[in-house]
Amino acid sequence: MSDLHLILAVGAVTFATRIAFLLRPRPIPGGLVGRFLDVFPLALFVAIAAQGLLAPRGTPEVTPALAAAVGGIVGGILFRRNLWGVLAVGAVSFYVARALFT
Amino acid sequence: MSNSPSFRKGIRDGLIMVIPVAAFALAYGVLAVDAGLSPALTIFSSLVIVSGAAQFTMIGLLAAGPVPVLVAASGLGLRHLPMSAKLADMIGPQPLGTRLRLAWVLVDETFGLAVRAAYTGVADIVAYKSAADLILYSFWMAGTTVGALFGGSIDPETVGIAVLFPLLFLGLAAPMVHKRRDWIVAGAAVVATLVATLVLPPAWQITGAATVAALVGVGFHE
């Protein structure tokens, strides 16, 4: 398989998972499935953040990114709906920790 | 659609993704060429896949052959299934072309912005997400192109830009945490992710951790 074919295949696999429920939209059922979909976005976003900040090189470790996590949580509490505020507090915490400890 | 307040808000909110997305794309462009893809194929891959996780995995496993790459891409793609179902519920009935377009750029970042917009009362989620998609796709392509063509001398890691990407998701999660159940789901996601990094292959960690944490939320009654 050439690189071009591989890229097309990965694109097809990825798009298939994206279009799955959009191709024939139906109302989300209630009960367990509805409750799962209700909390899945939050679980997904926290998992992405946790992996990047607490295990930036693949396994859990203490790095300046931990300060970004703490700063981001504080920013999230202070600026709940202001995304820029969360980014700013987290980024400043990261750069300060990196300057002090590395 | 481009004149609607929701579209303009999508553009404004989408600008927050510019630095992390462009930096991520730049790193991808550099590493893909370094892994042996031509600059043209590197740019083409961003055009058709539009998934940082799948693309980084692809170049990481390039030497191992197509089967491991496609298995990993499938694992990474599983998290799109509940995202797709949630987005379908948020946008309601739409023409096929609109659904195909929104699915093409159904990525974590713009999905996150769209969910957040729905939580905060944005009227037209289709227009909002279309605008955010436009910003993301433009900078994803621009970053990849610069990285593939001129990236040898650039290292996003040294300036610490990589940390902005997970922070963006922390910011997206913040307005969703209201009830005790939300705090429990968030805590479960942290614990599950840390465990997943120790026991699961990278391609399955996020999907596995998010699924476990969401199931914890399902089992929690208030």
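Could you give the DSSP H helices of chain A that reach 20 angstrom or more along their long axis (alpha carbon positions) and whose average Kyte-Doolittle hydropathy is no lower than 1.6?
Long hydrophobic helices here: A:31-54, A:64-78, A:83-101.
When N is the residue count of chain A, what does its C-alpha Rg come to as a fraction of 2.2 N^0.38 Å?
Normalised Cα radius of gyration, chain A: 1.50.
Under a point spin-label approximation (7 Å from Cα along Cα-to-Cβ), what is the residue A:16-residue B:67 distance to one decimal in nm?
It works out to 1.7 nm between the two label points.
Partner chain Cβ atoms within 10 Å, averaged over the residues of B:66-78 - can you pull that number for me? Walk me through the intermediate numbers first.
Numbers: counts 7, 1, 0, 6, 6, 1, 2, 8, 5, 0, 4, 8, 1.
That average works out to 4.
So if the hydrodynamic radius of region B:164-211 is defined as the Kirkwood radius over C-alpha pairs, what does Stokes-Einstein give as its diffusion coefficient at 37 °C and 0.692 mPa s, in µm² per second?
286
Give the value in nm², to one decimal: projected area of the alpha carbon convex hull of chain B, averaged over all directions.
Projected area, direction-averaged: 13.3 nm².
Taking one equal scatterer on every alpha-carbon of region B:1-111, how large is log10 of I(q)/I(0) by Debye at q = 0.11 1/Å?
Taking Cα atoms of region B:1-111 as identical point scatterers yields -0.44.
When only alpha-carbon atoms are used, what values of Rg and Dmax, in angstrom, describe the protein assembly as shown?
18.6, 54
I'd like the Karplus ³J(HN,Hα) series for region B:166-177: coefficients 6.51, -1.76, 1.60, θ = phi - 60°, whole numbers in Hz, and an x wherever there's a Gly or Pro.
x, 4, 4, 6, 4, x, 6, 6, 3, x, 8, 8
Explain nothing, just compute: Karplus ³J(HN,Hα) = 6.51 cos²θ - 1.76 cosθ + 1.60, θ = phi - 60°, for every residue of region B:70-76 in order, whole Hz, x for Gly and Pro.
Coupling constants for region B:70-76: 6, 5, 5, 5, 5, x, 5 Hz.
Determine ³J(HN,Hα), in whole Hz, for all residues of region B:37-44 in sequence, where each value follows from phi through the Karplus function 6.51 cos²θ - 1.76 cosθ + 1.60 and θ = phi - 60°; x replaces Gly and Pro.
6, 5, x, 5, 5, 4, 5, 4
Can you run the Rg to Rh ratio on region B:89-214? Use alpha carbon positions and the Kirkwood inverse-distance Rh. Walk me through the numbers before you get to the answer.
Values: Rg = 17.2 Å, Rh = 17.0 Å.
Reported Rg/Rh, Kirkwood definition of Rh: 1.01.
Setting aside same-chain residues fewer than 8 positions from residue B:9, which lysines have a Cα under 26 Å from its Cα?
B:86, B:129
Which of B:169, B:56, B:139 moves most in a GNM of chain B, Cα contacts under 10 Å?
Judging by the Gaussian network model, the answer is B:169.
Using a Gaussian network model of chain B whose springs link C-alpha atoms within less than 10 Å, name the residue from B:111, B:150, B:24 with the highest mean-square fluctuation.
B:150
Rounding to the nearest 20 debye, state how big the charge dipole of region B:93-222 is about its Cα centre with +1 on each Lys and Arg Cβ and -1 on each Asp and Glu Cβ. Present the calculation step by step, with values, prior to reporting the outcome.
Values: 7 positive and 8 negative charges, 77 e Å.
Magnitude of the dipole: close to 360 debye.
About the Cα centre, and with charges only on the beta carbon of Lys, Arg (+1) and Asp, Glu (-1), how big is the dipole of chain A? Nearest 20 debye, please.
Using Cβ point charges on Lys, Arg, Asp and Glu, chain A gives about 320 debye.
Values quoted throughout were computed directly from the atomic coordinates according to the rules given, and no laboratory measurement underlies them. Quick caveat: nothing in here was measured; it's all calculated off a predicted structure. A quick note on method: Cβ atoms are made from the backbone with ideal geometry, for glycine too, and the neighbour counts reach across all protein chains shown.
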